[in-house]
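**Q** Please read through the structure below; I'll follow up with questions.
The values are calculated or read from the model by the stated rules, or taken from the named source; none is laboratory data. Note that this is a predicted model, so its numbers are computed, not measured. Heads up, the Cβs are rebuilt from the backbone with ideal geometry, glycines too, and the neighbour counts pull from every protein chain shown. The protein model used for the area step is the full one, side chains on, heavy atoms only, and it has no ligands, DNA or RNA in it. Shrake-Rupley method; radii C 1.70, N 1.55, O 1.52, S 1.80 Å.
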Amino acid sequence: MASLHLSCVNTTFSDHHHFSLGRVFPNPSNFTAHANHRTHRRQVSCTTAANGGQINQNVEGPAASKVKKVDRRNVLLGLGGGLYGAAANLVATPPASANPVQPPQLDKCGTAIDLITGKPIEDNCCPPISQTIIDYQIPPVPQMKMRPSAHRVSPEYISKYNLAIERMKALPADDPRSFMQQANIHCAYCNTAYFQAGQDSIKLQVHNSWLFFPFHRWYLYFYERILGKLIDDLTFALPFWNWDNPKGMSMPPMFLDPNSAIYDAKRNPDHIKPSAVVDLGMTNNTDPLQVVANNLTIMYTEMIRGNSTANDFMGKPYLQGTPPEPGPGSSERGSHTAIHVWVGQDMGNFYTAGRDPLFYCHHANVDRMWTLWQYFLPSTKVPNKKITDPDFLDSSFLFYDENAQLVRVTVKDCLDNLKMGFEYERIDLPWLDYRPPPQTSKAKISRVASTAPKAETLFPLKLDKIVRFQVSKTKKGKADESLVLENITLDTSKFLKFDVFVNDEDDNPGELDKAAYAGTYAQVPHKTDSTSATTSIQLKLTDLYEDMDVADDDFIVVTLVPRHEGPGVTIGGIKIIENPPPPKNSSA
Ligand code: C2O
C-alpha cells in the first residue's frame with residue numbers, strides 16, 4: 001500500500017543547502033489563522049516589550065507584589081537561610097487545588113543510585129548552584145526571530161551557528177552556559193540526578209507528561225539566547241530539523257561535516273548518509289517510499305486524527321508530589337521519540353541527548369509542532385486546545401540565562417512563541433491532509449474477529465509479540481470514542497515501542513498508511529534511579545471509524561505490534577471510552 005498521495009516525493013536529498021522547493025509555502029488558507037494570530041500577538045508583544053527587562057528582588061514600585069513572591073520562592077528553594085522553617089509552614093498549607101511542580105532545589109541535587117547495579121550513576125549532571133534567582137521577564141527582542149529550516153540555511157548561517165557553538169564549547173567548564181553544562185540541564189531534568197523539586201523528595205522528570213513542551217521551549221529559548229550573546233547577535237535563531245516534510249527526512253547536511261563544531265561523532269553510522277530516510281515508524285521497512293508514506297501517516301495521526309483532548313496531544317497532568325511520567329502526548333511518544341532513537345548514541349538516551357548539537361535542532365521542530373497544533377489544526381478535532389489548569393500554568397523551572405543569571409520561569413509565560421520573540425520559517429505541511437485511504441474488506445476482518453480472544457482474558461498483558469484481541473465498544477457502529485491503554489508499566493532504561501491497529505485487514509505491520517493504524521507508544525531510554533514507570537495513553541477512534549466499515553459492530557479487533565526486542569512492557573488494561581462532548585459555545 002505504498003501509495004504516496006502527495007506532490008513532493010523527493011527522497012534523494014541534495015547536499016547543497018538552499019535548493020529551491022516548488023511549493024515551500026502552504027496554501028494561503030492554511031495560514032490565515034496564523035496570520036491573524038500574528039498581527040494580534042505582535043501588539044501584545046510590544047506591550048511586554050515596553051514593560052520589559054528583568055525584575056530582580058530589589059525592585060520597588062509596581063513590582064512590589066512580585067518581590068513578595070520572590071522572597072517566598074527563594075525560601076522555598078532553600079536559599080532563605082534561617083527562614084527555611086518558616087517556609088515549611090507556608091508549604092504545609094497550599095490551596096487544595098493548586099499543586100504545580102515547583103522549581104528544583106539546586107543545592108539538593110546529587111548523584112543518583114542506579115537501582116540495578118546499586119552503584120552511583122557516574123554522570124553527575126547537577127547544574128551549578130547560584131544564590132540569586134530572578135523571576136524572568138521576557139525582554140524585548142530587536143525583531144522577531146525566524147527559526148530557519150536546517151535543510152535550507154545559507155553557508156553564512158552555518159558559519160555563524162558553528163562559531164557560536166565553538167564559543168560555547170570554549171567557555172570554562174563551570175560556566176552554566178558552557179556546552180556541557182547546557183547538556184547537563186537536560187540530564188538533570190529527566191530524573192537522572194537526585195534533583196528534588198520544592199520541598200518534596202520527588203525527582204524531576206519533565207518527560208512523558210504535560211511539562212514536555214513547556215520545559216523544552218524554555219530550554220531552547222535560553223540556549224538560543226546564550227548562542228546569540230556569544231556571537232553578539234541577539235537575532236540569532238536556532239535551526240529546526242524539518243523531519244515532518246519529505247525534503248527534510250534526512251539528517252540535515254549542515255550537521256554532517258566532521259570538522260565543524262556542530263558535529264557529533266556518536267551517531268548511528270547507518271543514518272549519517274544524506275540518503276538515509278528518517279523512519280518515524282521504526283518498522284524496519286526498507287522501501288524508502290513506504291517509509292515516507294509511513295512518516296506522513298504518523299504525522300497526520302499524532303497531529304490530527306488521534307487526539308480528542310488537549311492532554312492527548314500535550315501529555316497527562318504531572319503535579320508536585322505525584323509519580324513522574326503519567327503519560328506522554330501523541331507527538332512526544334511518536335515522532336519525537338523516533339528521532340532520538342534514529343539518530344542514536346548521544347541522542348538515544350535522555351542523559352546524553354544534549355551533547356549532540358542536533359538535539360536542539362530536533363527539538364526546535366518538536367516545538368514547531370506545538371505551534372502548528374495550537375494555531376492551525378481545526379478546532380472541531382480538539383474543541384479546547386488550551387490547558388487552563390493552574391497546576392499546569394504555574395509549574396516552574398530554573399534556567400541560566402545568557403548572562404549566567406539563574407532565572408525562574410513558568411509554564412504560563414511560554415504558551416505563546418510570538419510573545420517570546422520567535423517564530424518558524426513557513427514550510428509546506430504535506431501531512432496536513434494525509435488521511436489514510438479507507439479500508440475496504442469487511443469480510444476478512446469478520447473472519448479474524450471470530451477467532452480473536454476477548455481483551456478481558458489477556459490482560460494484564462506482557463507485550464513481547466504481536467497480539468490480537470477484541471475490545472467492546474461503548475456504542476455500536478461509528479461512535480465518538482477513544483481507546484485507552486492503562487497502567488502501562490515500562491522498563492525506563494530501554495527503547496520500547498509498540499503500534500496499535502484497529503480492525504487491521506492485511507496484517508502487514510511494515511505499512512502504517514492505512515485506516516487501521518491508530519497510534520503509537522514509544523519511549524526514549526533514560527538512565528534513572530528507578531527502573532520502571534507506569535503510564536497510560538489514549539487514542540481517538542472517531543475519525544478512524546469513518547474510514548472503515550464498522551456497521552453495527554459492538555466490538556473492534558485491536559492488534560498490538562511491538563517494535564522492540566524482548567520484554568519491557570506490560571499493559572495493565574485496555575478499554576474504550578466515550579469522548580467528552582464538545583463545549584456548547586465552541587466554534588469550529
Ligand atoms: Cu528532553 Cu527529546 O528530550
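**Q** Select from the stretch 463-495 those trypsin sites (Lys or Arg not before Pro) which occupy a DSSP coil region and have at most 15 other Cβ atoms within 10 Å, ordered by residue number.
**A** Details: sites: K465, R468, K473, K475, K476, K478, K494; in loops: K465, K473, K475, K476, K478, K494.
Passing both the DSSP loop test and the Cβ count: K465, K475, K476.
**Q** Please state the shape class of the stretch 335-479: rounded when a/c is under 1.5, otherwise prolate if a/b exceeds b/c and oblate if not, all from the C-alpha gyration tensor.
**A** Values: a/c = 2.09, a/b = 1.80, b/c = 1.16.
Because a/c hits 1.5 or more and a/b exceeds b/c, the stretch 335-479 counts as prolate.
**Q** Also: For the stretch 370-425, report the accessible area per residue in Å² (1.4 Å probe, heavy atoms, rounded to an integer).
**A** Numbers: 1710 Å² over 56 residues.
Per residue, the stretch 370-425 has an accessible area of 31 Å².
**Q** Using a 1.4 angstrom probe on heavy atoms only, work out the carbon and sulfur share of the accessible area of the stretch 473-514 in %. Walk me through the numbers before you get to the answer.
**A** Numbers: 620 of 1300 Å².
Solvent-exposed carbon and sulfur of the stretch 473-514 make up 48 percent of the total.
**Q** Also: Heavy atoms only, probe 1.4 Å: what % of the accessible area of the stretch 199-347 goes to carbon and sulfur, would you let me know? Mind dumping the intermediate values first?
**A** Values: 1850 of 3570 Å².
In the stretch 199-347, the share of accessible area belonging to carbon and sulfur is 52 percent.
**Q** In the structure displayed, which of K316/K386; K476/K575; K385/K540; K108/K229 lie more than 20 Å apart, Cα to Cα? Before the final figure, lay out the partial values.
**A** Numbers: K316/K386 13 Å; K476/K575 15 Å; K385/K540 15 Å; K108/K229 30 Å.
Over 20 Å apart, Cα to Cα: K108/K229.
**Q** A further question follows. Amide H neighbours of V101 under 5 Å, at least 5 residues apart or on other chains, H built in the peptide plane: list them.
**A** Sorted by chain and number, the residues that satisfy this are Q320, S395, S396.
**Q** Per residue, what volume in Å³ does the convex hull of the Cα atoms of the stretch 128-259 enclose? Write down the numbers at each step before the final one.
**A** Values: hull volume 21.2 nm³, N = 132.
Given the Cα convex hull of the stretch 128-259, per-residue volume reads 161 Å³.
**Q** Could you name the aspartates and glutamates in cross-link range of K412, using Cα to Cα under 14 Å and dropping any fewer than eight places away on the same chain?
**A** Within the straight-line cut-off, K412 pairs with D135, D389, D391, D394.
**Q** Determine the shape class of the stretch 282-401: with a ≥ b ≥ c the square roots of the Cα gyration tensor eigenvalues, call it rounded for a/c under 1.5, and otherwise prolate if a/b is greater than b/c, oblate otherwise.
**A** Working: a/c = 1.96, a/b = 1.16, b/c = 1.68.
Cα axes put the stretch 282-401 in the oblate bin.
**Q** I've got another one for you. I'd like the Karplus ³J(HN,Hα) series for the stretch 470-475: coefficients 6.51, -1.76, 1.60, θ = phi - 60°, whole numbers in Hz, and an x wherever there's a Gly or Pro.
**A** These are the phi-based 3J(HN,Hα) values: 9, 10, 6, 7, 7, 9 Hz.
**Q** Enumerate the aspartates and glutamates that K273 could reach by cross-link, defined here as Cα to Cα under 15 Å, with residues fewer than 8 away along the same chain left out.
**A** Once the sequence-local aspartates and glutamates are set aside, what remains near K273 is D15, D257, D264.
**Q** Still on this structure, please answer the following. Output ³J(HN,Hα) for the stretch 163-168: one whole-Hz value per residue in order, computed from phi by the Karplus curve 6.51 cos²θ - 1.76 cosθ + 1.60 with θ = phi - 60°, and x for Gly and Pro.
**A** 4, 4, 5, 4, 5, 5
**Q** Shifting gears a bit: How high is the FRET efficiency between D506 and A98 when r is their beta carbon distance and R₀ equals 45 Å, given to the nearest 0.05?
**A** Details: r = 50 Å, r/R0 = 1.12.
E between D506 and A98, to the nearest 0.05, is 0.35.
**Q** Okay, next question. Show the residues, 5+ positions off or on another chain, whose built amide H is closer than 5 Å to the amide H of F422.
**A** When sequence neighbours closer than 5 places are left aside, the close amide H contacts are K145.
**Q** Given H placed on each backbone N at 1.01 Å, which residues far from S532 in sequence or on other chains put an amide H within less than 5 Å of it?
**A** Correct list: T492.
**Q** Of K444/K465; K419/K494; K145/K381, which pairs sit farther than 32 Å apart, going by alpha carbon to alpha carbon? Show your work: numbers first, answer last.
**A** Details: K444/K465 22 Å; K419/K494 38 Å; K145/K381 30 Å.
With Cα atoms farther than 32 Å apart: K419/K494.
**Q** Whole-Hz ³J(HN,Hα) for each residue in the stretch 126-131, computed from phi via Karplus 6.51 cos²θ - 1.76 cosθ + 1.60 with θ = phi - 60°, x for glycine and proline: what do you get?
**A** 3J(HN,Hα) across the stretch 126-131, in whole Hz: 5, x, x, 8, 9, 7.
**Q** Right, here's the next one. For the stretch 253-309, just say rounded, prolate or oblate: build the C-alpha gyration tensor, square-root its eigenvalues into a ≥ b ≥ c, call rounded for a/c under 1.5, and beyond that prolate if a/b exceeds b/c, oblate if not.
**A** On the way: a/c = 3.21, a/b = 1.88, b/c = 1.71.
The shape class here is prolate.
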